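Single-structure report; data block below.
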Amino acid sequence: MGKNNYHKRTSIIWVRRLSKLLVLSTLLLIFAGALVKSHEVGLSVPDWPTSYGYQMFAFPLSDMIGGIFYEHGHRMIAAIVGLLTLILAFLIYHTDDQLWLKKTGFFALGLVIVQGLFGGLTVLLLQPTPISVIHALFAQTFFMVTILIAYGLSDERAHRIPYDKVGHAGLKIPAYWVMGLVYIQLIIGALMRHTQSGLAIPDFPLAGGYLLPPFNQTMLNTVHAMQFDLDVPFASMSQVVVHFLHRFGGVSVAIAVGWLSWKIYQLKDSDNRIYRQTVLLDMLLLLQITLGAFTIWSLKEPLITSIHVVNGATILGLSMLMVLRILPVRLQGKN
Amino acid sequence: MVVRKLLVQMIVLLSAVGIIYAGGSITGTITFEGKAPKMKPLKVDADPICVANNEIAPKKEWLILDENKGVKNVLVFITEGLNIDYSPPEEPMVIDQKGCIYSPHVVGIMAGQQLDILNNDGTLHNIHALPKVNKEFNKAQPRSKKKLSVKFEKPEAPFKIKCDVHPWMGAYIGVFDHPCFSVSGDDGTYIISDLKPGEYVIEAWHEKLGSQTANVTVSDSAAHQDFTFKKPSKKK
């Protein structure tokens, strides 16, 4: 009996570690995907699931040149994330007692398979915008699911008392707003990137020379003049609008995070974890705004742009974790 | 460059004195007005072979001007006024990839004409064509495949081809149902020849500065039509 308990505890610890590894691997995968898009090399490997006719891990390293390095590297990391998800889903199924978590494990497996298929379709259909945007969106959604699984398996959650911290009730609404707005902001970000609108407004903090852009022909002419001087492609008005929506989304997220932070900093008996997480969220938000500005000022330097994307995903993950920590433990239990 | 300019001047002169009767032509010069940005060097170091195949670091090619601000790589073509059915020529149009740069940067071909894309780089390329009317494709061209041949069956406004392995590589192709097109040379001059006398609409297309059209009357002598592209201006 004691031996069985020991084995079970050991396996739980390893499943927890695996779930955390999956979260970090997914973040790395999002970064790799961002590098592919930032370098505009998504079609540098024209075939899928093979790479220039080679099986995934048989592709010669000597041919990992130019865009292939990023695209094939992205595929390899994706395969590893898929494998980790598969292992985790089956380990949860065999070691955990929570039905919802077992279901979530297999949901994540299904999601990562669908995501892989969308990645393949993006290549085979030559990057149609809707599929590329869905591929980017699923990446963020999958990342949220990995956090949900990791939290569900965590020691922290296992030791939470149902309906503890009544004081957190007032945080629910702002936490939902933050998570929802960050998710919407990432959708707009994906739309912006996949419609080539990242430099549709090439100046910051002004927009086409205006504080409040009028979205008329005069503004578009000014934008084109700037783009000509900066050696970036001319944008259409719809691209300008998409780009501006992303800036507007950034302001909305900042307001929501400010609201949530203000609420949490006011709580005297706030959970120390939540307090620390809020400080981190605020810091990452400041970093994100700075990265957004430098993305424009550097004319979308690929590394800066990719860090901006992965930092956005991290903010989404933190806001998801915040919701999980604030919510009463309704998922607790064995059903 | 000088030879081309002399040729244009000779055609104008000869046709003016009535020596040329074989067919009319349209000649002209494309110029740029405004302060032009300097073309930045291309970063080709993502592939060591691309670096090795370039003796001098290549520069961007979207606005190449001569000392008189003549614009290179403007595709000039007839859009209206031709009432003849043309067949595509037998000989293929050729685009070479050398030093991980497309040469020429802008080409016109006829619908149905073969386009040979050469790989003289000894590295791996992919050919990704982005037409809207013809079918988009993305084909691998490993170092062993020295020539890749394609055809575009329908006339289409200029579109881009690119290599995603080397994302700085880009060229433009215009597909026509006639052979009456020309790409401006180093000094910005162009010649469209073998035209019957008549009224024509011609278009000058530049990859960044857009398009301009003009009505031109061709008689037995050479007609002349210049185009001036301007730098976009702010808040107007």
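Quick notes
- Of all residues in the stretch A:224-251, those satisfying the criterion of being assigned to a helix (DSSP H, G or I) and either touching a Phe, Trp or Tyr at 6+ places or on another chain (Cβ under 9 Å) or within 30 Å of A:GLU156 (Cβ to Cβ) (or both) are A:HIS224, A:GLN227, A:PHE228, A:MET237, A:VAL240, A:VAL241, A:PHE244, A:ARG247.
- Strands (runs of 3 or more DSSP E) lying entirely in the stretch B:78-141 (those with 2 or more residues that are among the small types (Gly, Ala, Ser) and either under 29 Å from B:LYS43 (Cβ atoms) or within 14 Å of another protein chain (Cβ to nearest Cβ) (or both)): none
- Test for A:SER11: is it away from chain B (no Cβ under 14 Å), buried (at least 20 other Cβ atoms within 10 Å of the Cβ) and assigned to a helix (DSSP H, G or I): no
- Qualifying residue in the stretch B:101-112 (condition: outside the structural domain of B:LEU209 (by TED's automatic domain parsing), within 14 Å of the chain's Cα centre (by Cα), of a type outside the set (A, V, I, L, M) and surrounded by 20 or more Cβ atoms within 10 Å (Cβ to Cβ)): yes
- Scanning the stretch A:63-77 for residues that are within 12 Å of A:LEU35 (Cα to Cα), more than 7 Å from every other protein chain (Cβ to nearest Cβ) and touching a His at 6+ places or on another chain (Cβ under 8 Å) turns up just one, A:TYR70.
- Qualifying residue in the stretch A:297-320 (condition: surrounded by fewer than 20 Cβ atoms within 10 Å (Cβ to Cβ), over 18 Å from the mean Cα position of the chain (by Cα), in a helix (DSSP H, G or I) and touching a residue at least 12 places away in the same chain (Cβ under 8 Å)): yes
- When residues of the stretch B:151-173 are limited to those that are more than 14 Å from every other protein chain (Cβ to nearest Cβ) and part of a strand (DSSP E or B), the one nearest to A:SER44 (Cα to Cα): B:ALA171
- Subset tally (residues that are in contact with a helix residue (DSSP H, G or I) (Cβ under 7 Å, 6 or more places away or on another chain) and among the charged types (D, E, K, R)) for the stretch A:272-299: 2
- Single condition A:ASP282 does not satisfy, out of (1) closer than 23 Å to A:LEU191 by Cα; (2) modelled with pLDDT of 95 or more; (3) charged (D, E, K, R): (1)
- Subset tally (residues that are modelled with pLDDT of 95 or more and not polar (S, T, N, Q)) for the stretch A:1-41: 23
- Under the condition of being without any contact (Cβ under 8 Å) to a residue 24 or more places away in the chain and among the aromatic types (Phe, Trp, Tyr), the residues counted in the stretch A:199-237 number 3.
The values are calculated or read from the model by the stated rules, or taken from the named source; none is laboratory data. Just so it is clear, the structure is predicted and the values come from calculations on it, not from any experiment. Cβ coordinates were reconstructed from backbone atoms using ideal geometry, including for glycine residues, and neighbour counts include every protein chain displayed.
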